[in-house]
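This report concerns only the one structure given below.
The values are calculated or read from the model by the stated rules, or taken from the named source; none is laboratory data. Model, not experiment: these values are computed from the prediction. Neighbour counts run over all protein chains shown; Cβ positions are idealised from the backbone, glycine included.
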Amino acid sequence: MVKIKEIKTKNIFSKTYYRGYSYVINPYVGCSGGCIYCHACFIQNFTKHQNQNWGDFVDVKRWDGIVRTKRTVVGRNMLMSTITDPYNSVEKEYENTKQILERLREIGCNLTICTRSDLVLRDIKIIKQMQAKVCMSVNSFDETFVKNTEPNTTPVKDRLKALKKLHDKGIYTILCISPIFPYITDFKEIIEATKDYVNEYWFENLNLRQPYKISVLNYIYNHHPELDEKYDDIYVKKDNQYWFLLKHEIMEYCKVHKLNYKIDFRHS
């Protein structure tokens with residue numbers, strides 16, 4: 001059961017260092033998805049949720065309109081979201097994301113929406129009117145693996161159906177293959193199955209930090225013991241050779257197949 005509470009905030013926009021974007025928009029604090037690898041769990045150190053499991057709480061932001069002025073937002077590149085899923089389960093009731101989209105449609109900006117949920121289809125009309133881009137994240141077609149690592153997210157097949165519907169409506173679609181689990185994620189398989197309705201591919205690696213590093217490694221050790229030594233090399237011994245080789249392979253593959261792509265590999 002997700003614990004929900006409402007909180008007041010002065011602003012829903014935050015300046016960001018994400019390449020190509022001026023601001024990020026996070027309609028919620030926390031996320032119901034419960035992904036075991038989520039980097040956003042660090043916010044628990046600042047939001048009085050230290051004793052709760054990631055995925056068990058969502059704070060619904062409340063604000064008096066959108067505080068940023070039109071002069072500040074108009075024409076800017078905006079990203080939604082970085083530390084929550086804007087279409088996590090509580091959005092069905094609270095509609096924070098929808099309210100923000102309706103306001104941004106009036107103001108005008110260049111928005112990219114990142115999600116793992118097919119609930120995005122609810123707002124397809126607004127998204128099309130805004131000429132916003134939609135980025136859907138997928139890292140495996142193995143539903144058992146997905147269920148174990150992203151326990152409360154939309155099934156992959158439904159995410160891909162949503163992405164195709166968006167593309168068929170003329171919306172610019174991005175498929176983010178993220179996070180790439182070494183020796184588990186098959187990026188070529190995902191591209192081959194989706195290339196007809198994806199305009200651009202993003203690639204992000206599984207970059208493990210505390211406190212979720214231990215839980216992810218424990219999952220690998222328990223469910224994929226054959227990968228123990230390989231994950232030790234990457235995440236304990238800090239050998240980044242795997243990522244260097246994979247980055248080169250992705251670049252060559254995308255160039256040969258004339259795909260639009262962006263690679264964001266980070267190493268802790």
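Quick look at the numbers
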quantity	calculated
First in segment 33-54 and under 9 Å from Tyr212 (Cβ atoms), second anywhere and not in a loop (DSSP other than H, G, I, E, B), Cβ under 6 Å, 6 or more apart	Ile36/Thr149; Ile36/Ser215; Ile36/Val216; Tyr37/Pro179; Tyr37/Val216; Trp54/Cys41
Residue satisfying all of: in segment 55-78; among the charged types (D, E, K, R) and at pLDDT below 80; nearest to Arg209 (Cα to Cα) among these	Arg68
Residue in segment 187-195 that is hydroxyl-bearing (Ser, Thr, Tyr), buried (at least 17 other Cβ atoms within 10 Å of the Cβ) and in a loop (DSSP other than H, G, I, E, B) present	no
Candidates Leu175, Leu208, Leu121 - the one that is assigned to a strand (DSSP E or B), touching a helix residue (DSSP H, G or I) at 6+ places or on another chain (Cβ under 6 Å) and buried (at least 16 other Cβ atoms within 10 Å of the Cβ)	Leu175
Selected residue (only one of Val29, Val2, Val24 is farther than 24 Å from Leu208 by Cα, surrounded by 14 or more Cβ atoms within 10 Å (Cβ to Cβ) and at pLDDT 85 or above)	Val2
Those strands (runs of 3 or more DSSP E) lying entirely in segment 1-66 with at least 2 residues more than 22 Å from Asp264 (Cβ to Cβ)	3-8, 28-30, 57-62
Scan of segment 124-170 for residues that are in a loop (DSSP other than H, G, I, E, B) and basic (Lys, Arg), ordered by number	Lys169
Only one of Thr112, Thr97 that is closer than 15 Å to Lys61 by Cβ and of a type in the set (Val, Ile, Thr)	Thr97
Filter result for Thr82 (part of a loop (DSSP other than H, G, I, E, B) and either modelled with pLDDT of 85 or more or closer than 23 Å to Ile124 by Cα (or both))	yes
Test for Gln241: is it without any contact (Cβ under 8 Å) to a residue 12 or more places away in the chain, within 24 Å of Thr82 (Cβ to Cβ) and surrounded by fewer than 16 Cβ atoms within 10 Å (Cβ to Cβ)	no
